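The values are calculated or read from the model by the stated rules, or taken from the named source; none is laboratory data. For clarity, every value in this text was computed on a predicted model and none was experimentally measured. Every residue, glycine among them, receives a Cβ derived from its backbone with ideal geometry; neighbour counts consider all protein chains shown. Each accessible area value is taken on the protein alone, full model and side chains, heavy atoms only, with ligands, DNA and RNA left out. Shrake-Rupley method; radii C 1.70, N 1.55, O 1.52, S 1.80 Å.
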Amino acid sequence: MPHSAPHSERNRQILSAIVRAYIDSGEPVSSRSISRRHVESLSSATIRNVMAELEEEGYLYQPHTSAGRVPTAAGYRFFAQQVAAQATLSPEDQSWIRGELASATTTDEVTERAGHVLAEISRGLGIIVSPPIAKTVLEHIRFVLLPDGRVVIVLVSTGGATRDKIIRPERAFTQTDLDRTGEYLNRHYIGRTLEAIRADLLARLAQEQEHYGMLVRDALALCDPGVLEQGSTQRIYVEGAAQMAATEFTDQAQLREVLAAIEEKHKLIALLAGCIDTPDPVHVQIGVKGIDPAGEHLALISAPYSFQDQSQGTVGVLGPMRMHYERAITAVAFVARAFSETLDRS
């Protein structure tokens, strides 16, 4: 197993140079090419010895005996964690991203443009995952009674995004009951998540049971995130599949695997939803578990976005391991912040 990083600064510098050279060219990297570009002007023989050490440690491999070296997943992982994570997004990219998002007026427009930006920058998939229902920030809620007793719940969240769900409540409601409950929720809970609303309703019920009893119980029954999540899937927007297929995959079997994974969007949702509550501002996964077997050839970079400091969904890129990590990591972080700012203004 490889160490967390090569043991010497020289080896770390050489490994970074090899990974960067391979990302740029797509060709196995020779000791001579690294010798020419290395700041210390080390000899090819010295570089070859370091390459052999890095290969033994699991950071590089040699496709053929006479070929140069290619990074392994561990080599990419070192590069992403130690080098690219310290990079900053260029002023040109910052200006372009802000320009792409600036004129969007709805959450759907912001989502579409953010996905496009991430796909363009990474040459992979730009992915935006909406928050689970429990984290939906309420702008308006409406209940509609169906003839068979089921209830349609229409949630309008930040920026005008609409989600609806049909439930069969345990007790029978009249439309008057539903209107009264909706009016109560809209009056007291605009700008809060269903998760927070339910917690407050439970507290009110405990403190003011006589005054609020039936109304709060109705609201709790109709706004239970656990019930609303049943059978529901988070929304996901994916941009860039055709571009990635056209430019990055020469192995048709790998391409078919990746396209199949894109079709099974619940896998992508699970991958990115799991990153919402991670402590890291940007999550990097080299070799993606959960998309078998295509995932071993892929890298995932993701970051959560928020609304009024509450974690919401996730933005990210999914692409081949041979990715321009400095640009992709900094772009994902910047888009997540810009997405959050746009939601806060909406």
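Of the candidates R217, R171, R69, which one comes out as most mobile in a Gaussian network treatment of the chain with C-alpha springs shorter than 10 Å?
R171
With every protein chain left in place and a probe of 1.4 Å, what is the accessible surface of D200, to the nearest 10 Å²?
The accessible area of D200 comes to roughly 40 Å².
Region 1-80: which GluC sites (Glu not before Pro) are DSSP loop and have at most 10 other beta-carbon atoms within 10 angstrom? Each step should come with its number before you reach the end.
Numbers: sites: E9, E40, E53, E55, E56, E57; in loops: E40, E57.
Answer in residue order: E40.
Can you list residues from other chains, or at least 5 along the same chain, whose modelled amide H is less than 5 Å from the amide H of S306?
Amide H to amide H, under 5 Å and 5 or more residues apart or across chains, S306 pairs with Q312, S340.
For the chain, state what percent of all Cα-Cα pairs lands in each successive 20 Å bin, counting from 0 Å until the bin that includes the largest distance.
It works out to 27, 45, 21, 6, 0, in whole percents.
Excluding ligands and nucleic acids, what accessible area in Å² is computed for T176 using a 1.4 Å probe, to the nearest 10?
Approximately 100 Å² for this residue.
Ignoring everything but the protein chains, give the 1.4 Å probe accessible area of E296 in square angstrom, nearest 10.
Approximately 120 Å² for this residue.
For region 32-88, rounded, prolate or oblate, judged on the Cα gyration tensor with a ≥ b ≥ c (square roots of eigenvalues), a/c < 1.5 rounded, else prolate if a/b > b/c?
oblate
Please list D218, D179 in order of solvent-accessible area, largest first, computed with a 1.4 Å probe with all protein chains present.
The most accessible residue leads, giving D179, D218.
Along each principal axis of its Cα atoms, how long is region 97-225 end to end? Whole angstroms, biggest number first, please.
For region 97-225, the Cα spread along each principal axis is 58, 34, 23 Å.
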